[in-house]
Amino acid sequence: MVQVNLWSGLRRLADGNQVVAVEARSLREMLDALLRQHPGLEPVIRAGVSISVDGVIVPDLNAPVTEASEIYLLQRIKGG
């Protein structure tokens, strides 16, 4: 199981949880598992989020994650 840290605005959509544990081997699997567990997150996730893994924003949803990964779901960070 990987631990996903949610920003404060998402917690109300995830039953008040700051951290959600899901079974996943990639970021895509992690997002899918989050949506199955907490369907209320769907509008926000589908609109776009940024994902930090071990302190680095990772845009590739096929990137692997492990139980040791430090994962944060963040408001979308746009570059310019």
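Each value in this text was obtained by applying a stated rule to the coordinates, not by laboratory testing. Owing to the predicted nature of the structure, the values given are computational and were not obtained by experimental measurement.
Remarks
- Rg/Rh (Cα only; Kirkwood hydrodynamic radius) as it applies to the chain: 0.92
- Length released on extending from ASP60 to GLN75, taking residue separation times 0.36 nm less the Cα-Cα span: 3.8 nm
- Potential lengthening between ILE45 and ALA21 on full extension [0.36 nm per residue; Cα-Cα distance subtracted]: 7.0 nm
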